[in-house]
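The values are calculated or read from the model by the stated rules, or taken from the named source; none is laboratory data. Here the structure is a predicted model, which means the values were calculated and not measured. Backbone-built Cβ (ideal geometry, glycine too); neighbour counts: all protein chains shown.
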Amino acid sequence: MMGNPYLGNATTFLVEMALGFYILAVMLRFIFQIVRADFYNPMSQFLVKLTDPPLRYLRRFIPGLWGMDLASVVLLLVLQGVEIWIVSGILDSGTNPIGIVVLSVARLLGLAIHVFMFAIIVQVIMSWLNPHTYNPMIGLLYSLTEPLLSPARKLVPPISGLDLSPIIVIVGLQLASMLLVHPIADLGRGILLG
């Protein structure tokens, strides 16, 4: 689409940044709902206000299922698909709809894994720097990571006061990325370009 590769790269960067920020906001809201994070936390309220307009509209047509907000899932898939479609158009690569859907699923799974890994790393660093301080962000991090860390603690209890559960969970998340996300992404790219 664009003859100038510098302009194409800059446009791709801007599209990925703008849509990526909003995709991350919707993803965080969805994950916070699943882990039942504090709804009244300032960060939760920010995400609700930021993502509510399209979700309120989508919920008219897409009901929840088993306590899961399917409207958020649909919005995530649409936003990620639009991002891939725009970037593919800019870079003159394929725009096969099935490839876009498969690649969107892979990227969203990868984003969720990265959100959890980042949250665990930040929580570990905060526990080293200021272990007994509480602020709203730490409460959200705890809500986000505890559903993963708690089962890992049962599997490998703390040894001499050292909690190894973050390492176990990060290794598990990295394996999930390698064994699940990467093959789905490769399949999506193959369909997209094929």
Report task. Report, ordered by the first and then the second residue, all pairs with beta carbons closer than 8 Å, sequence separation of six or more or different chains, a first member in the range 61-89 that is part of a helix (DSSP H, G or I), and a second member that is surrounded by 13 or more Cβ atoms within 10 Å (Cβ to Cβ) and among the acidic types (Asp, Glu). Result -> 83/16; 87/16
Report task. Tell me, please, whether a residue that is farther than 23 Å from residue 107 by Cβ and either modelled with pLDDT of 90 or more or part of a helix (DSSP H, G or I) (or both) can be found in the range 11-31. Result -> no
Query - Only listed residue being farther than 30 Å from residue 139 by Cα and among the small types (Gly, Ala, Ser), chosen from 110, 20, 64, 89 - result: 89
Query raised in the report: Quick one: would you say residue 93 is touching a residue at least 24 places away in the same chain (Cβ under 8 Å), hydroxyl-bearing (Ser, Thr, Tyr) and either assigned to a helix (DSSP H, G or I) or in contact with an Asp or Glu (Cβ under 7 Å, 6 or more places away or on another chain) (or both)?
Result: no
Query raised in the report: Looking at (1) surrounded by fewer than 16 Cβ atoms within 10 Å (Cβ to Cβ); (2) under 20 Å from residue 114 (Cβ atoms); (3) in contact (Cβ under 8 Å) with a residue 24 or more places away in the chain, which is the one condition that is false for residue 42?
Result: (2)
Query raised in the report: Would you call residue 88 farther than 27 Å from residue 164 by Cα and either at pLDDT below 95 or hydroxyl-bearing (Ser, Thr, Tyr) (or both)?
Result: yes
